[in-house]
Amino acid sequence: MPPDVLKKKPPKLASTLEDRGYLLSDEIFSAVENMKGKTEDGFTLAIEHYKRQSGKYRRGHIEFIDTATKKLKDYNLHQDIKMYKRVFSLFPEKEYIPPTRMMEEFYHMPRHQDAAIQILQEMEDNGLIPDSEIRDMIKDRFSENSEVMYKFQRMVYWMSKFANANPWPVPYHPPDDRIELAKAALRRMSFDINTKIDVWTAENVEDLKAEDEGEEDDFIVSAQSPEQQDLIATHPTDKPVYVEGRHYVYLGSARMTYHVLRTDPPQEGSEFYGIAPDEKEEEFWSDDFDSWNFFAAEEQTAIVPEKSIHEQEDGTILSMCITGSPSQNTLVTWLRCLQDTNPNLENVAVVFKLQEPDAILNYAENHVKEGGPS
Amino acid sequence: MQLLKTSRNILQKITKRSSLPSVTQVANAGGNIIIHNPSARGEGYHRDKEPFSRKDLEKIPVYLEEKSELYRRRFLYQDDYTFPFHRSYDYFWKFNSAEKLKAWILTTDMDNKEGFSKAYLSLSKSGKALFYGNLSTKVPEDGRVKKAGYCNMRSPINKYGYGYGKENYYNWTAFNHIVMRFRGDGRAYYLSIASDNGPGFGSDLFSSDLYSYPLFTRGGPYWQIAKIPFSKFYLNTYGRIQDRQEPLRKDFVKTFNIGAVVDDGPFHLEIDYIALLRDDNHDEVTAYEMYDLRM
């Protein structure tokens, strides 16, 4: 008597291959993609079709599992632990458990264990920590002393140690909304905890509406702290401010570009610098320790006001923004929006120093001689 | 620190006088941009080493002179790290000129034809090191390589101390933290220290051992400072973390590496300095469990 699964006819996936009675693992996935596209439903249908056509002995399941683990990223399911479990459950229960202790030692059923380890490796690469359900599945299928279980134990031990190592954590599932992404990135970039993040969309500002139909509306996400507003308010009108960019910033695997509003750093010799730091150090080391004593008084040369975080050595940062489109018109709109809270910006000359984010990279690539020792 | 500085300067003067090629002179051939420039044949990493030739024999008297000079000054350079105190520091590398960049070696997976990543190192606008490039996780279709995508910059090996042009280790026993000032793009980079556990140069038994820890960046125009204790660096071999961890041997440090991995796309990391710091409040040897529960 044939088992029940064989009584049911598998659904017609590909008419040309119908006569053969079975499909190869690649063919199953390509047939499914034609029917349902690269979706979760399609993936589960592929697994179910394979289960039905392979029957009792589940012939060729290692080849199918290898293909399915590779396909997970194509289907954008690589961050879903549920799907890994579904693939793992294709291994038959109790079949690969070594009967004796001696056989455990000698890598019992190596090809099957390799395929199972590959699934766990794929999880590790995508930052997924396996749970107790996977542990039970491994125990039922490969025993507690298998290489698969060791791999699982290593992953649970080490990955949970480093899961929270990042002091500026990244959302594991980054939001699809570009504005939310930009907000998170700007929040991460700004060192001043008082930074306020403003969002201007087409609802608030008319200039940001799309000119043609079918185009997306533009948006501006801008970050500025009260301290930076003070810096703009006291900015001398004869010195320009610069809009610089675009530069890349990553939030996990999501990539964005940002612009910076900045001025030149305060000049040396002005009240911001007492003595240049290098000079100070040299002065300190030029004396021998022998001649130094506790009673040598330090001479104070100037009262130096405390510098704010925004005064970096290569420029004072006044604001940052991430925009929907990198055009100069959007940046002008950004400045106009900033003028509401920074009235002094109207009196200051603004210079645009714009370049593509890949500009340096392209320059370097064009100046490399191909081949030959460096 | 005073002693530390003087003895090192003397060593540098000795090597200059004996017309040995210094670290910076060796890698002086390129242009202003330090380029990762793999040869078309994919020869691997150690292209800069030349085979032994007759010319090397001529250098022997120079080496002898240097060795005798070192012997005469042996008490001076022994003092290098004998007086460490709380908060004492030393710049391992301060990137402030093009000369300082040229000693570093860039490697990517393209070197051995195992990928398509490209990396460059050049002086940035603010006069610091800029490590940038394009990371590609595309796997070459040779049926052998499974994963691809890394770019790495490697520090030079210590050339001072032994004489005869023999490579020495860095001795970091006086310090317990690594401090970096940098400006990144929001990615995580990998710091790794190659350290010998005893066999020495020439032995490849432990050549793939690395002590690594990620360097997290925030992105944006602000400079960041990271202070990472050596105790947090974990032992890994061929990129695989090891079950049995061992604390880092700080007196046998060969090289210090900064690498970009994981995400596809262009990356840039601007580095001001890499420094070593002694903080007596931190007395941890390693952050990981050392006991063994196996039978």
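Nothing in this text is a laboratory measurement; each read-out follows from the coordinates by a stated rule. Owing to the predicted nature of the structure, the values given are computational and were not obtained by experimental measurement. Every residue, glycine among them, receives a Cβ derived from its backbone with ideal geometry; neighbour counts consider all protein chains shown.
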Under the rule rounded for a/c under 1.5, else prolate if a/b exceeds b/c, else oblate, using alpha carbon gyration tensor axes a ≥ b ≥ c, the range A:306-345 is classed as oblate
Quick one: length gained pulling residue A:34 to residue A:206 fully straight, 0.36 nm per residue minus the C-alpha distance?
-> 57.6 nm
Shielding of B:263-269 by partners, i.e. mean partner chain Cβ atoms within 10 Å per residue?
-> 4
Grab the Cα-Cα distance for residue A:82 and residue A:344, subtract it from 0.36 nm times how many residues apart they are, and report the gain in nm with one decimal.
-> 88.7 nm
Loop trypsin sites (Lys or Arg not before Pro), the range A:74-127 (other Cβ atoms within 10 Å of the site Cβ: 16 or fewer; DSSP) | A:94
Where in the range A:51-114 are there chymotrypsin sites (Phe, Trp or Tyr not before Pro) that are in a DSSP coil and have at most 15 other Cβ atoms within 10 angstrom of their Cβ?
-> A:57, A:106, A:107
Between residue A:355 and residue A:166, Cβ-based FRET efficiency (R0 35 Å, step 0.05) works out to 0.70
Spherically averaged projected area of the range A:199-254 from its Cα convex hull (nm²) | 6.7 nm²
Number of partner chain Cβ atoms within 10 Å, mean per residue of A:186-197 | 2
Debye-sum result for the range A:63-107 in log10 I(q)/I(0), which assumes one identical scatterer on each alpha carbon, at q = 0.32 Å⁻¹ | -1.11
Shielding by other protein chains, B:184-192, mean Cβ within 10 Å | 4
Any residue on another chain or 5+ positions along whose placed amide H is under 5 Å from the amide H of residue B:177 is listed here as B:230, B:277, B:279
So if R0 is 51 Å, what FRET efficiency would residue B:142 and residue B:56 give, r being the distance between their Cβ atoms, rounded to the nearest 0.05?
-> 0.85
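For the pair residue A:70 and residue A:253, what calculated FRET efficiency results from E = 1/(1 + (r/R0)^6), where r is the Cβ-Cβ distance and R0 = 25 Å, to the nearest 0.05? Walk me through the intermediate numbers first.
Working: r = 19 Å, r/R0 = 0.75.
In this case the efficiency is close to 0.85.
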Give, rounded to the nearest 20 debye, the magnitude of the charge dipole that the range A:17-163 has about its Cα centre when Lys and Arg contribute +1 at Cβ and Asp and Glu contribute -1 at Cβ.
-> 200 debye
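Using square roots of five times the C-alpha gyration tensor eigenvalues, list the equivalent-ellipsoid semi-axes of the range A:17-163 in whole Å, biggest first. Walk me through the intermediate numbers first.
Working: eigenvalues 148, 83, 22 Å².
Listed largest to smallest, the semi-axes of the range A:17-163 are 27, 20, 10 Å.
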